[in-house]
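Participant: What follows is a single structure, and I will ask about it in a moment.
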Amino acid sequence: MTDIRGHERASKASDERHEAHGGHGWMMIACCIPMLVIAGILVATGAASPGFLVVAVGCTLMMALMMRGTGHRGDRP
């Protein structure tokens, strides 16, 4: 099956599988929350420098960019 631009479309079964994994990107971002909490606690208690928190936030942002860049946003085109 092709779309109006002549590109091949995935089958209906493939579309349904994709919809089933729509929240995967948000789940990956949610997995970063414990890391951010632990980093915040370590910085607040003085066990780690504030740079540690910057790295943790950077890691979360990088995960968000990767999920967006690889098409795991959960929205339909």
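Participant: In region 49-68, which residue that is within 15 Å of the chain's Cα centre (by Cα) and β-branched (V, I, T) is surrounded by the most Cβ atoms within 10 Å (Cβ to Cβ)?
Facilitator: This residue is T60.
Participant: In the set G58, G51, G25, which member is small (G, A, S), touching a Gly at 6+ places or on another chain (Cβ under 8 Å) and either assigned to a helix (DSSP H, G or I) or modelled with pLDDT of 95 or more (or both)?
Facilitator: G25
Participant: Among G46, G40, which is the only one that is loosely packed, with under 11 Cβ neighbours inside 10 Å and either modelled with pLDDT of 85 or more or under 14 Å from the mean Cα position of the chain (by Cα) (or both)?
Facilitator: Exactly one residue qualifies, and that residue is G46.
The values are calculated or read from the model by the stated rules, or taken from the named source; none is laboratory data. The structure presented is a predicted model; accordingly, all values stated were derived computationally and were not measured. Note: ideal-geometry Cβ built from the backbone for every residue, glycine included; neighbour counts use all protein chains shown.
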